[in-house]
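This report refers to the structure that appears directly beneath it.
Every number in this text was worked out from the coordinates using simple rules, so none of it is lab data. Everything quoted here is computed from the prediction, not taken from an experiment. As a convention, Cβ positions derive from the backbone with ideal geometry for all residues, glycine included, and neighbour counts pool all protein chains shown.
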Amino acid sequence: MRTIILFLFVCLFSVASIAQSPKREFRAAWVATVGNIDWPSKPGMPSIQQQQEFTHRLDQLKDLGCNAVIVQIRPSSDALYASTIEPWSHYLTGRQGEPPFPYYDPLVFMVEEAHKRNMEFHAWFNPFRALVDSKKNPNPTKHITHAHPDWIINYGGKAYIDPGMPDAREYVIKVITDVVKRYDIDAVHLDDYFYPYRIAGQEFGDSRSYAKYGQGVNKDDWRRNNISLFVSLLNTDIKHLKPYVKLGISPFGVWRNKSKDPDGSETHGGQTDYDDLYADVLLWMRKGWVDYLLPQLYWEHNSKAAPFSVLMPWWSEHTFGRHIYYGLGAYRMVGAHNGPWASPNELLWQIRDIRKMAPGSGYSFYSVSNFDKIPHALRDSLHNRYQNSPAFPPEMKWLDSVAPAAPVLKAIPSVQGTLLQWKENNPQKETIRYVVYRFTNNETVNINRTDKIISVQSTTELLDGTANNYKQCTYVITAMDRLWNESKPSNKETLTPQ
């Protein structure tokens, strides 16, 4: 009887693991550079050490099953990449305006390393922050705070670019599209800092731009329109340059409270996107100006002010045909000795809810370095059960709905294993990845079984060195384009290994 019970448990666990590892799911983590939160661990390190730290982070995320990384490359109107517009960031080099030594371009390096691991690279920009500390300005003269002091507003100890200035908005778009032009990024990612979070008793000092451009419109509506214009134009310019580059935005987790708007959530958020940050994110989704939202849902299920149990389904009901992923607060576990964050159960519960209520969506953890500071139980659970098979980002059919042609496969047995070779059909010279599936001992071919993937690669040859461990192997190959549209399977090749 004990043997039967154990067998049933193993079978149920195996089925649950497959069910809990969907084939399409955005899995990511943020890598914050401001204040050296995540990377590099301190400013001014030698280039090789910066590179080693970054690849360690990527390997860490890959081990957790992630398929994307969101890296902050512009924390405060400065650059962690080679720019002729803005100065090198001191978070990278130790001194604002100085390049890394020995010289390299971190963004080229980071994108290449992410792509080697079949991970998307989302370039994260803080659009309107000019200085983290408005009392300290270490920037060279070309920095926006010196070149355009009329665009700068000091508020709450920080300095911001005024979104009410049309030329200032155009400048920020120019900075972002410069990166789109010159680097092989997969997405532009903006955080929640549009207008700054409201500080009690302090008014954001944009009266001059409002007097010049407000044209009698209610000030709150004017501010929201400024941000909506920015988002709309940015998306248009990105898609004009590279139609496959996604635009994603990570807003604060509460759009509006129901007490202010019947369409809002049953929450009691002290600040909201619409009323305080002037970010009309639902308008952007309805208009198709963004490809995904990644709201920051950093509260537990039973939070009194903003429960995850309310917000996650609320957002999932407001997709308007675009994607919504969910920001999860891994940082909440740091130092938690009691309550919902003292164990990995809360975050794992959140992942289960996302998969149940919004299948095919996904999530991102804030932020990567917190996995070094919390118990290994979360990392182990993600690795062993929740993300134990590969997953691919969801397709965005409004950007591209045409899958590549299926490859033509040939399998050659040998004593070293089975050599797989395939011909591609790629006349447009698209960026293509190939997914190799192996089914053993008369298993049914089912390409939804991600646990049957043995390789995802860009080359057209693979030696399966473990093939001879099985009585029989059946292989199929599919092709995936840059936006993860998957071809039909190749011809099947079934071999009895030598």
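Scoring 52-61, 81-90 by mean Cβ neighbours within 10 Å over their residues and listing the highest first yields 81-90, 52-61. In summary, the aspartates and glutamates within cross-link reach of Lys260, defined as a Cα separation below 20 angstrom excluding same-chain residues under 8 places away, comprise Asp220, Asp221, Asp273, Asp275, Asp276, Asp280, Glu317. Here the gap between Ser41 and Asn448, fully extended at 0.36 nm per residue and compared with their Cα-Cα distance, gives a gain of 142.6 nm.
What is the distance in Å between the Cα centroid of the stretch 347-369 and that of the stretch 388-406? The two parts, judged by their Cα centres, are 19 Å apart.
Normalised by the number of residues in the stretch 20-386, the average gap of Cα pairs under 8 Å and 6 or more apart makes the relative contact order 16 percent. Which entries in Lys136/Lys373; Lys304/Lys373; Lys239/Lys397; Lys62/Lys239 show an alpha-carbon gap greater than 20 Å? Result: Lys136/Lys373; Lys304/Lys373; Lys62/Lys239 exceed 20 Å.
Phi-derived couplings, Karplus 6.51 cos²θ - 1.76 cosθ + 1.60 at θ = phi - 60°, listed residue by residue for the stretch 24-30: 10, 6, 6, 10, 8, 8, 7 Hz, with x used for Gly and Pro.
Measuring how big the stretch 70-215 is from its alpha-carbon positions, Rg and Dmax come out at 16.0, 52 Å. For the chain, the membrane-span-like helix rule (DSSP H, alpha carbon extent of at least 20 Å along the helix axis, mean Kyte-Doolittle at least 0.0) picks out 2-19; this says nothing about an actual membrane.
Checking the cross-link pairs Lys158/Lys287; Lys42/Lys242; Lys258/Lys356; Lys142/Lys429 against a 29 Å limit on the alpha carbon distance flags Lys158/Lys287; Lys42/Lys242; Lys142/Lys429 as lying beyond it. How about Lys471: which aspartates and glutamates have a C-alpha closer than 18 Å to its C-alpha, ignoring those fewer than 8 places off in the same chain? Within reach: Glu443, Glu493.
Remark on the stretch 339-442: ratio of C-alpha radius of gyration to 2.2 N^0.38 Å is 1.54.
For the stretch 408-495, the C-alpha radius of gyration divided by 2.2 N^0.38 Å, with N the number of residues, is 1.05. Packing order of peptides 363-374, 408-419, highest average first: 363-374, 408-419 (average count of other Cβ atoms within 10 Å over each peptide's residues).
A crude spin-label estimate for the pair Thr236 and Lys174, with each label 7 Å from Cα along the Cβ direction, gives 1.8 nm.
In the stretch 49-104, the C-alpha radius of gyration followed by the widest Cα-Cα span (Dmax) gives 13.0, 36 angstrom.
Share of antiparallel DSSP beta bridges in the chain, in percent to the nearest 5? Given both bridge residues lie in the chain, the antiparallel proportion sits at roughly 50 percent.
With contributions of -39500 (n - 2.57) from each DSSP H run of at least four residues, the per-residue ellipticity at 222 nm computed over the chain stands at -8500 deg cm²/dmol.
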